[in-house]
There are 2 protein chains.
Amino acid sequence: MAVSERGPRERMVFSAAQLIRRDGVASTGMREVAAHAEAPRGSLQHYFPDGKEQLVNEAVGWAGRYAGKRVARFLAALPEPTPSGLFAEMVRQWSDEYEAAGFAGGCPVAAATVDCAESTASTREAASAAFSTWNGSVARALVDMGVPKGRAEALATLMISTLEGAILVARAERDVRALTTVSRELGPLLDAAVTEVG
Amino acid sequence: MAVSERGPRERMVFSAAQLIRRDGVASTGMREVAAHAEAPRGSLQHYFPDGKEQLVNEAVGWAGRYAGKRVARFLAALPEPTPSGLFAEMVRQWSDEYEAAGFAGGCPVAAATVDCAESTASTREAASAAFSTWNGSVARALVDMGVPKGRAEALATLMISTLEGAILVARAERDVRALTTVSRELGPLLDAAVTEVG
DNA sequence: CGACTACTATGACCGCTGTCATAGTCACAG
DNA sequence: CTGTGACTATGACAGCGGTCATAGTAGTCG
């Protein structure tokens, strides 16, 4: 974790995302974020004058953009891109992390949704935007593989929903079983969407 | 919400589940639970001597058993039980609630996992047990429909993961789109598991 | 009656939270 | 030098969190 790179502001956003994904929004303190980012406490009110809400929203936005960009990298890593291959990569990112580093963290967007959907409108909107960004990336990738546009949007939603749920179950069970299972079971359905046209 | 029925202890567990699913574990106060259950504050330490942790764990356990029992009721409501029909009912429970009462609440087990998986071991175990109970119910139903046992377990995990994720996305977007989408897209795959054998 | 248990009722405590106020440092412009 | 902006550094504050201590009531058993 190259925390020392980049400016203190970005470090704090990044640290916030990390801590939120581990402990949830409510249990993550501002002081804790500053300490984790090795940033001065006073910088919090300087860079984030709207307080915790602003910091959390930026962390969620960052996570959404990160997930979107990952899709492109997954595609590049695949010898020949297929929907099931993409989904397997998306899932593998998580199972790899869990097996290598333990089940400490989940998805920060999910955490923000659970903790803030009803209490903090702006954060709910940030989470919605994050899912939308991510969904767009995945759908675009599917279209490039030959899936019709409307169907691609639907399958992207299915992939993201299933992945999010499997992350949740895996973390509760401290076992990657759910992740490997959904990857295996969903694969054929996804590939069928491209072959059925050709 | 027939809160006044049953004893105060059960009411508090029930109220805890309701508040947790709306605001998350960390943002739900003990005093708030007592007030919501119209129970005396002093009863908290009487019925739950191990404090919040115990109350949360019981709420999670209650939710798991509730979800398990719902499966049987869904089956009874179906003219002829099919995997896709069961999944559609499970999803519909949520989309109906969201359309009728708004997007205030998510799944309490998901909330407990997000907020406590890393911080509170016993709650993580309770969540794991809840998922296991639920998974068992769904898998058993699939077996009764003619799905081979091993496959039934896997499909149950897929159904639950997908549903949990779709709940999350729907709540963030304040739109049942994700729910209806996954129900439609996953249906054929689920039914294929029973017909492919016969 | 007394005793004992189940449950209720409050008040106090400490720790932590997000936020604000104030003052300080530092680099650089005029 | 003065000043001006960006950033840092603390201290204080009010509010709320879960928990403990203590005392009270109600009902029941012996």
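The values are calculated or read from the model by the stated rules, or taken from the named source; none is laboratory data. All values reported here derive from a predicted model rather than from experimental measurement. Neighbour counts are summed over all protein chains in view; Cβ atoms, including those assigned to glycine, are modelled from backbone coordinates with ideal geometry. Ligands, DNA and RNA are stripped out before the accessible areas are found, and what is left, the full protein with its side chains, is counted by its heavy atoms. Shrake-Rupley method; radii C 1.70, N 1.55, O 1.52, S 1.80 Å.
Overview of results
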| read-out | value |
| --- | --- |
| Label point distance in nm, residue A:43-residue A:96, each placed 7 Å from Cα along Cα→Cβ | 2.9 nm |
| Complex-versus-alone comparison for segment A:160-177, residues with a loss of 20 Å² or more in accessible area, probe 1.4 Å | A:161, A:162, A:164, A:165, A:168, A:169, A:171, A:172, A:173, A:174, A:177 |
| In the B-A interface, the accessible area buried, summed over both sides, Å² (probe 1.4 Å) | 3700 Å² |
| Of all accessible heavy-atom area on segment A:8-195, the percent that carbon and sulfur account for (1.4 Å) | 52 percent |
| Shape call, the protein assembly as shown: gyration tensor on alpha carbons, a/c limit 1.5 | oblate |
| Whether chain B is rounded, prolate or oblate, judged on the alpha carbon gyration tensor where a/c under 1.5 counts as rounded | prolate |
| Gain on full stretching of the segment that runs from residue A:177 to residue A:30 - 0.36 nm per residue minus C-alpha separation | 49.5 nm |
| Per-residue SASA entry for residue A:46, accessible area with 1.4 Å probe, Å² rounded to 10 | 130 Å² |
| Solvent-accessible ranking of B:120, A:133, largest area first, probe 1.4 Å | A:133, B:120 |
| Teacher prompt: residue A:100 distances to equivalent labels in other copies, 7 Å Cα→Cβ, nm | 4.7 |
| Calculated label separations, residue A:122, copies of the chain, 7 Å along the beta-carbon direction, nm | 3.8 |
| Relative contact order [Cα under 8 Å, 6+ residues apart], chain A, whole percent | 25 percent |
| FRET E, pair residue B:50, residue B:73, Förster distance 35 Å, beta-carbon r, rounded to 0.05 | 0.60 |
| Accessible-area ranking of B:98, A:66, A:47, largest first, probe 1.4 Å | A:66, A:47, B:98 |
| Cα gyration tensor shape of segment A:56-101, rounded if a/c is under 1.5, else prolate or oblate by comparing a/b with b/c | oblate |
| Label geometry 7 Å along the beta-carbon vector: residue A:50 inter-copy distances in nm | 4.2 |
